[in-house]
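Colleague: Shown below is the structure under consideration.
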Amino acid sequence: MKFNAIIVALMVTSLSCAATEPALHWGYEGENNPENWGHLSPEFSTCETGKNQSPINIEHVFKTHHDKLKLTFKLSKQEIINNGHTIQVNVNDGNTLEIDNELFTLQQFHFHTPSENKIKGKYFPMEAHFVYKNKNGDLTVVALMFNKGKPNPELAKAWQQMPEDEGSTATLSQSVDIKALLPNRLDFYRFSGSLTTPPCTEGVRWIVLEQESSASAEQIEKFHSIMHHNNNRPTQPLNGRVIVD
Ligand SMILES: [Zn+2]
């Protein structure tokens, strides 16, 4: 009896560890690098087995006459967070995207260096992801590339309060004007993909803007040095997916 009780206690302990630990353990370097994400936890298996994974190389595109992007913006309080994987700015409600006759609301935007998606085989020095969600919890990510050039005054508002330590946050004293951060022209590529971080969930609508914004070498380097390393997942196979332009 006593022995059985110990076995049960051990099983319960190991189960509870399995349920709580995995989310902490992925990264971009060492044994937790992107090639291994799918093996780090059963919850991350889509990173390995998924057939519609992001990011991708945007190479062969189908020209269509799709609608313009329908975006609205609202300046309000923003919070900047260093979550150890990226620098993320959480936003309040009021920034929307309408696509496929569905309304999506911006939750947050964050950054990768170098870029995750490639356009015609080319990496950009930095990429921002604007993560929108509809009422069903479906996601649309709008991706913006940065080239190295003039300092970006909107990025500067966030960068001056970029938290250096993992887990730390700050309320931006000047909110980033997202409309001003985006290029004037909003041509885009569209395809179906996934989260680019574990659990690599699929069914994400991807909108990659064709025009870039600019950031200075110093701005890109500041982000990279606070991350300590690249934070871009390698491009994934298309597996027959179609990219429309
Ligand atoms: Zn991202």
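Values quoted throughout were computed directly from the atomic coordinates according to the rules given, and no laboratory measurement underlies them. Note that this is a predicted model, so its numbers are computed, not measured. Cβ sites come from the backbone with ideal geometry, for glycine too, and all protein chains shown count toward neighbours.
Colleague: Between His228 and Ala180, how high is the FRET efficiency from 1/(1 + (r/R0)^6) when r is the Cβ-Cβ distance and R₀ = 25 Å? Nearest 0.05.
Modeller: Computed FRET efficiency for His228 and Ala180 comes out at 0.25.
Colleague: Here's something else I'd like to know. Sort the range 24-101 into rounded, prolate or oblate with this rule: let a ≥ b ≥ c be the square roots of the eigenvalues of the Cα gyration tensor; rounded if a/c is under 1.5, and if a/c is not under 1.5, prolate when a/b is larger than b/c, oblate otherwise.
Modeller: Oblate, since a/c reaches 1.5 and b/c is not below a/b.
Colleague: Can I ask one more? Given the Cα-Cα distance of Glu79 and Asn239 and 0.36 nm per residue of separation, how much length would full extension add, in nm?
Modeller: Values: separation 160, 0.36 × 160 = 57.60 nm, distance 3.75 nm.
Once the chain is fully extended between Glu79 and Asn239, it gains 53.9 nm.
Colleague: Which percent of Cα-Cα pairs in the range 115-158 sits in each 5 Å bin, short to long?
Modeller: For the range 115-158, the binned pair fractions read 5, 18, 20, 21, 15, 12, 6, 1 percent.
Colleague: What is the helix-to-structure angle for 2-20, meaning the angle in degrees between its Cα long axis and the longest Cα principal axis of the chain, kept from 0 to 90 and rounded to the nearest 10?
Modeller: Helix 2-20 sits roughly 0 degrees off the main axis of the chain.
Colleague: When Lys and Arg each count +1 and Asp and Glu each count -1, what net charge do the other residues less than 13 Å away from Trp159, Cβ to Cβ, add up to? Mind dumping the intermediate values first?
Modeller: Numbers: positive: Lys157, Lys222; negative: Glu154, Glu164, Glu218, Glu221.
Around Trp159, the charge tally is -2.
Colleague: Mind scanning Lys118/Lys157; Lys135/Lys222; Lys70/Lys120; Lys77/Lys120; Lys118/Lys150; Lys51/Lys150 and naming the pairs with a C-alpha gap bigger than 32 Å?
Modeller: Violating the 32 Å limit, Cα to Cα: Lys135/Lys222; Lys77/Lys120; Lys51/Lys150.
Colleague: Next question, about the same structure. Report the extension gain between Lys148 and Ser192 in nm, rounded to one decimal, defined as 0.36 nm multiplied by the number of residues separating them, less their alpha carbon distance. Don't skip to the answer; put the middle values down first.
Modeller: Working: separation 44, 0.36 × 44 = 15.84 nm, distance 2.80 nm.
Gain on extension, Lys148 to Ser192, equals 13.0 nm.
Colleague: Output the 0 to 90 degree angle, nearest 10, between the alpha-carbon long axis of helix 217-227 and the longest principal axis computed from the alpha carbons of the chain.
Modeller: 10
Colleague: Here's another thing I want to ask about it. Could you give me the percent of Cα pairs per 10 Å distance bin for the range 95-209, shortest bin first, beginning at zero and ending with the bin that holds the maximum distance?
Modeller: 12, 43, 36, 9, 0
Colleague: Another question, then. Using only the Cα atoms of the chain, construct the convex hull and provide its projected area averaged over every direction, in square nanometres to one decimal.
Modeller: So the mean shadow area of the Cα hull is 15.7 nm².
Colleague: Another one. If the reach is capped at under 17 angstrom between alpha carbons, list the aspartates and glutamates near Lys63, excluding any in the same chain fewer than eight residues apart.
Modeller: Asp187, Glu210, Asp245
Colleague: Any idea how far apart Glu218 and Phe62 come out in nm if each label point goes 7 Å out from Cα toward Cβ?
Modeller: Using points 7 Å along Cα→Cβ, the separation is 4.7 nm.
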